[in-house]
1. If one takes the longest principal axis of the Cα atoms in the chain, at what angle in degrees, from 0 to 90 and to the nearest 10, does the Cα axis of helix 72-87 lie?
2. Run the simple label-point estimate for D179 and Q278 please: 7 Å along Cα→C-beta, distance reported in nm.
3. Which percent, to the nearest 5, of DSSP beta bridges fully inside the chain are antiparallel?
4. Quick one: net charge of V108's neighbours, Cβ under 10 Å, K/R +1, D/E -1?
5. Suppose only helical runs count, i.e. DSSP H with n ≥ 4. What mean residue ellipticity at 222 nm does that imply for the chain under -39500 (n - 2.57) per run, divided by all residues and rounded to the nearest 500 deg cm²/dmol?
6. Mind listing the long-range amide H neighbours of L35? Cut-off is under 5 Å, sequence gap 5 or more, other chains count too, H placed in the peptide plane at 1.01 Å from N.
7. With just the Cα atoms defining each centre, how far is region 129-154 from region 164-237? Give it in Å.
8. Placing unit charges on C-beta atoms (Lys and Arg positive, Asp and Glu negative, everything else neutral), compute the dipole magnitude of region 298-396 about its Cα centre in debye, rounded to 20.
Amino acid sequence: MQNIAGTPVEGDDFFGREGAIHSFWDLLGNHDILLLGPRRIGKTSLSRRLMVEARQHGWSTIEANVASCTDERAFVEKLAQAIKSEAGSRVGAALEAVGGLLNRIDRVRLPGDAGFDLSAKPEAWEAIASDALALLTRQSNETLIYIDELPIFLFNLLRFDVKTGKERVRRFLDWFRNDARDATRGKGLHWLMSGSVGLDTLVQTHGMADAINTLRQRALDPFSDEEALAFLERLAESYKLPVSLDDRKRLVAAIGWPQPYYLQLAFQNIRAMWREGQPVGPLIDDAINCLIEPGEDNDFHHWEERLRIQHEQSVADLAIALLTVACRKPDGASTTALFAEAQRLLPDLGEEQQKQRFIALRDVLIRDGYWAISETDGTRRCHFRLEPLRRWWSRRNTL
Ligand SMILES: Nc1ncnc2c1ncn2[C@@H]1O[C@H](COP(=O)(O)OP(=O)(O)OP(=O)(O)O)[C@@H](O)[C@H]1O
Ligand SMILES: [Mg+2]
């Protein structure tokens, strides 16, 4: 097993997650899935593992990452290209048909485009996208369509077109629900959408929740402690490093929320520091400290960015302030102290509204992997799940 920290892992480098693979695969037979979760928790790796599973069952698979798409034309092109590369493994009519679709994409006109060229009859992007899907429904086998970073694409539509972006998001989601999913039901298409930012605030703010609520929303749990220990053991064996059970337990405890990425990162740091003949134990603290060093801490910035992408500014500001209160201690802050901070920052609201606002945000922070809640002696506390993230957040707020 290779120690890979950053790019999606496949084959022998993919560890565990048997439960998730089994339940997702089961679900995909009859439902479409929306897999949301923080960056780097293994969404793409798991989705690709599901694609392998699908191919083993005789399905075709299509993968398109739409993070860089800033408009619908780019989305359709990504989809058509993905179908083309899948069709490339076969030959003939399907490949020719998708070539025809790609030629039509240039004729799509979008709000903000320079004047229409009358000689080129304009095309609606929906027509091309639906024709692309029709190519897939004509196949005799089932197809898994995996669209990665869908929420980023939708947020791009809003960000790049302040005037009509909201309308375009609605139109896209309508097409997705009516034409891409409802109209193809029973014709062998199965959708797996994933993303690192939430869609709920976007669809709720714009009254479009109905467009996604028939997708089954799923998250990815961290490894259990046993899985994390077994994973580290496998890595240690592969690199012939003398990592004892005790060392592994300390490492897992120091990370707090054993998502494989952070285990891989810490292991990578240990490998960089270890010298032949040395024990590994004394290196663990430094390996964890390295994660949050300035310059090495890119992996934490996106936890803050994500709040700003998926929430309006006042909510993002409140979330950041509450996280700052909770970051001071590993066991976090009491909900009473956190609510007092929320009240301070929402002086214009009545107490009931302040309470509802606080509860809604607390639940989002729990769901999105920032916090866990604990209760001792009747005191409820919110604490960071990922201990290096807490320390990064704290360092950033310390002079
Ligand atoms: N099943 C796994 N076994 C081993 N390592 C894993 C596994 N899943 C994820 N990882 C680790 O997490 C890293 C990120 O995985 P992946 O790219 O799949 O996550 P992601 O959630 O898609 O990230 P992003 O939000 O950045 O797209 C990998 O490079 C690897 O270090
Ligand atoms: Mg990914």
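Any read-out appearing in this document is the output of simple, stated calculations on the displayed coordinates, not a laboratory observation. Every value quoted in this text rests on a predicted model; they were computed, and no experiment measured them. Cβ atoms come from the backbone with ideal geometry, glycine included; neighbour counts cover every protein chain shown.
1. The angle comes out at about 90 degrees.
2. Roughly 6.0 nm, to one decimal.
3. Values: 8 of 28 bridges.
So the antiparallel bridges amount to about 30 percent of the total.
4. On the way: positive: R73, R104, R107, R109; negative: D71, E72, E77, D106, D113, E123, E126.
Around V108, the charge tally is -3.
5. Working: 17 runs with 207 residues, N = 399.
It comes out at -16000 deg cm²/dmol, rounded to the nearest 500.
6. Long-range HN contacts for L35: M193, S194, G195, R218.
7. Answer, in whole Å: 14.
8. Values: 16 positive and 15 negative charges, 69 e Å.
Once rounded to the nearest 20, the dipole reads 340 debye.
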